[in-house]
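K.L.:
This structure is in structure tokens; I'll ask about it shortly.
The values are calculated or read from the model by the stated rules, or taken from the named source; none is laboratory data. Computed from a predicted structure; not experimentally measured. Cβ placement follows ideal geometry from the backbone for every residue including glycine, while neighbour counts extend to all protein chains displayed. Heads up: the accessible areas ignore ligands, DNA and RNA and are worked out on the full protein's heavy atoms, side chains in. Shrake-Rupley method; radii C 1.70, N 1.55, O 1.52, S 1.80 Å.
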Amino acid sequence: MRRLPIYFLIDISESMVGEPIQQVEEGLATIIQALKSDPHALETVWVSIIVFAGQAKTLVPLQEIVSFYPPKFPIGSGTSLSKGLGHLMYELRSNIVKTTYEQKGDWKPIVFLFTDGVPTDDTSAAIAEWKQNWARTANMVAISFGDETDMRLLGELSNDVMHFKNTSPQSYKAFFKWVTDSIKTSSISVENNSTGFELAKTDDETISKIDLSKPGDYDRGGYVDDNFVVFAAQCQNTKRPYLMKYGKVSQPSNFGGMNFETRAYRLMGAYPVDNSYYELADKSYENNVSSDELIGAPTCPCCGNQYGLAVCSCRKIHCIGDEEVSTCPWCGSQGKYTSGGGNGGFNIGRAQG
Ligand SMILES: [Zn+2]
Ligand SMILES: [Zn+2]
């Protein structure tokens with residue numbers, strides 16, 4: 001039986017922390033569950049999951065659906081699409097069975113790329129390699145999670161650029177059903193000896209195809225995704241890493257009788273992450289946001305300490321409670337902290353994406 005390899009290439013950058021990554025985790029579990037009860041898919045579909053942040057890694061090697069166990073997704077810093085694509089092409093080279101005189105090889109692999117932001121590095125070399133070596137031998141579907149993705153860049157990779165409006169738990173359900181249906185129809189298509197690639201119909205409510213031939217606000221510049229700011233911190237008590245995610249808001253302000261719109265970031269949540277965060281992070285990068293721009297500060301999601309956003313003189317962030325003297329879990333230095341934040345104007349090291 002010829003295999004239909006399905007690759008999921010998933011952005012696990014910091015802006016995915018919280019609800020999006022949870023939904024992706026659950027969504028992929030429901031996809032596999034649905035495919036397990038589909039005779040066509042069960043016969044032909046093989047699945048692999050590759051994740052990328054500052055680094056890329058294979059989360060699930062290419063395998064039959066029967067033996068597939070849904071993984072837990074890590075989070076890393078940065079959005080290195082070039083490393084993600086590089087890793088994907090490496091996996092394709094190593095795993096895809098080519099058709100020869102002796103054997104019929106795999107069907108054209110289908111890649112579902114999920115990303116919610118702007119790459120934090122230069123992708124031109126990886127995209128050129130994709131176009132040259134893989135664009136004809138694989139089918140790629142590039143899916144933008146939300147409005148902040150560089151659609152034009154995704155259009156370089158694929159004719160199938162989809163926009164998923166990830167607004168509610170229901171929309172995630174509809175989206176993952178669409179992915180499942182697309183895989184099912186593709187697996188039926190291979191049985192009929194046709195193309196082996198057929199996307200399911202979209203409802204245009206939750207997921208729609210982007211027409212890049214029309215002018216639109218698709219171009220995003222720069223290598224920093226500034227719609228979200230995510231700060232990496234470490235818990236003083238448990239030594240676990242956690243992330244604080246802020247979303248951009250426009251804040252009206254009044255200065256000397258004049259009205260301004262100032263850039264600000266509002267707290268969306270604080271989330272403990274695994275130590276694999278360090279493994280998948282891009283360490284070479286540092287950016288800065290002033291605490292003046294931050295609205296709200298969380299308690300520590302690891303130990304419940306009252307203040308999760310204390311900045312040490314080493315410039316790293318950790319939690320503090322009501323102890324007299326705090327110890328920075330990053331550098332070990334001890335100090336007393338004065339409460340408050342947002343009015344001191346201190347700068348905080350910012351993660352990438
Ligand atoms: Zn803590
Ligand atoms: Zn320190």
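K.L.:
Pick from region 1-22 the residues that are among the β-branched types (Val, Ile, Thr) and not in a loop (DSSP other than H, G, I, E, B): which of them is nearest to the chain's Cα centre (by Cα)? Break it down stepwise before answering.
P.N.:
At the first step, the residues of region 1-22 found to be among the β-branched types (Val, Ile, Thr) are 6, 10, 12, 17, 21.
Checking which are not in a loop (DSSP other than H, G, I, E, B) leaves us with 6, 10, 21.
On the way: 6: 18, 10: 6, 21: 7 Å.
In this case the residue turns out to be 10.
K.L.:
Do we find that residue 99 is touching a residue at least 12 places away in the same chain (Cβ under 8 Å), open to solvent by 10 Å² or more (accessible area, probe 1.4 Å) and outside the structural domain of residue 232 (by the TED database) in this structure? Explain how you work it out, then say what you get.
P.N.:
Numbers: touching a residue at least 12 places away in the same chain (Cβ under 8 Å): no; open to solvent by 10 Å² or more (accessible area, probe 1.4 Å): yes; outside the structural domain of residue 232 (by the TED database): yes.
Against the criterion (touching a residue at least 12 places away in the same chain (Cβ under 8 Å), open to solvent by 10 Å² or more (accessible area, probe 1.4 Å) and outside the structural domain of residue 232 (by the TED database)), residue 99 does not qualify.
K.L.:
Residues of region 272-317 being at positive phi and either of a type in the set (Gly, Ala, Ser) or modelled with pLDDT of 90 or more (or both), which ones?
P.N.:
Applying the first criterion (at positive phi) to region 272-317 yields 296, 304, 315.
Listed by number, the residues that qualify are 296, 304.
K.L.:
Condition first: in contact with a strand residue (DSSP E or B) (Cβ under 8 Å, 6 or more places away or on another chain), open to solvent by 10 Å² or more (accessible area, probe 1.4 Å) and more than 8 Å from ligand 1 (Cβ to nearest atom). Now tell me which residues in region 313-325 satisfy that. Even if it seems obvious, please write down each step before you answer.
P.N.:
First, pick out the residues of region 313-325 that are in contact with a strand residue (DSSP E or B) (Cβ under 8 Å, 6 or more places away or on another chain): 313, 315-321, 325.
If we keep only those that are open to solvent by 10 Å² or more (accessible area, probe 1.4 Å) too, we end up with 313, 315-316, 320-321, 325.
Correct list: 313, 315, 316, 320, 325.
K.L.:
So, residue 328, is that one open to solvent by less than 20 Å² (accessible area, probe 1.4 Å), within 16 Å of ligand 1 (Cβ to nearest atom) and at pLDDT 90 or above or not?
P.N.:
On the way: open to solvent by less than 20 Å² (accessible area, probe 1.4 Å): yes; within 16 Å of ligand 1 (Cβ to nearest atom): yes; at pLDDT 90 or above: yes.
Here the answer is yes, as residue 328 does meet what is asked.
K.L.:
Scan region 158-180 and give yes if some residue there is closer than 15 Å to residue 115 by Cα and small (Gly, Ala, Ser), otherwise no.
P.N.:
yes
K.L.:
Looking only at region 75-93, how many residues end up being open to solvent by 70 Å² or more (accessible area, probe 1.4 Å) and farther than 23 Å from residue 277 by Cα? Break it down stepwise before answering.
P.N.:
So in region 75-93, the residues open to solvent by 70 Å² or more (accessible area, probe 1.4 Å) come out as 83, 90, 93.
Filter once more, so that each one left must be farther than 23 Å from residue 277 by Cα: 93.
Residues meeting the conditions: 1.
K.L.:
Here's a follow-up. Scan region 140-156 and give yes if some residue there is under 25 Å from residue 41 (Cα atoms), in the same structural domain as residue 85 (by the TED database), at pLDDT below 90 and assigned to a helix (DSSP H, G or I), otherwise no.
P.N.:
For region 140-156, residues under 25 Å from residue 41 (Cα atoms), in the same structural domain as residue 85 (by the TED database), at pLDDT below 90 and assigned to a helix (DSSP H, G or I): absent.
K.L.:
Give me a count of the residues in region 171-182 that are polar (S, T, N, Q) and either without any contact (Cβ under 8 Å) to a residue 24 or more places away in the chain or crowded, with 20+ Cβ neighbours inside 10 Å (or both). Can you show your working first?
P.N.:
Step one: list which residues in region 171-182 are polar (S, T, N, Q), which gives 171, 180, 182.
Add one more test, that the residue is either without any contact (Cβ under 8 Å) to a residue 24 or more places away in the chain or crowded, with 20+ Cβ neighbours inside 10 Å (or both), and what stays is 180, 182.
Number satisfying all stated conditions: 2.
K.L.:
If you take the residues of region 185-212 that are hydroxyl-bearing (Ser, Thr, Tyr) and modelled with pLDDT under 75, which of them is nearest to residue 164 (Cα to Cα)?
P.N.:
Our first condition is that a residue be hydroxyl-bearing (Ser, Thr, Tyr); within region 185-212, this holds for 185-187, 189, 194-195, 202, 206, 208.
With modelled with pLDDT under 75 added as a condition, the list becomes 194-195.
Details: 194: 28, 195: 25 Å.
Out of the qualifying residues, it is 195.
K.L.:
Given the conditions (1) out of contact with any helix residue (DSSP H, G or I) (no Cβ under 6 Å at 6 or more places or on another chain); (2) within 17 Å of residue 141 (Cα to Cα); (3) open to solvent by less than 30 Å² (accessible area, probe 1.4 Å), and given that residue 20 satisfies all but one, which numbered condition is not satisfied?
P.N.:
(2)
K.L.:
Additional query: Out of all the residues in region 27-46, which are touching a residue at least 24 places away in the same chain (Cβ under 8 Å) and surrounded by fewer than 23 Cβ atoms within 10 Å (Cβ to Cβ)? Write out each step before concluding.
P.N.:
Here is the first cut: in region 27-46, the ones touching a residue at least 24 places away in the same chain (Cβ under 8 Å) are 27-32, 34-36, 38, 40-46.
27, 29, 30, 32, 34, 35, 36, 38, 40, 42, 43, 46, listed by residue number.
K.L.:
Then there is this: Residue 340 fails exactly one of the following numbered conditions: (1) more than 16 Å from ligand 2 (Cβ to nearest atom); (2) at pLDDT 90 or above. What is the number of that condition?
P.N.:
Among (1) more than 16 Å from ligand 2 (Cβ to nearest atom); (2) at pLDDT 90 or above, residue 340 violates only (2).
K.L.:
Same structure again: Does region 298-337 hold any residues that are away from ligand 2 (no atom under 16 Å from the Cβ) and farther than 17 Å from residue 242 by Cβ, and which are they?
P.N.:
Across region 298-337, the qualifying residues are 322, 324.
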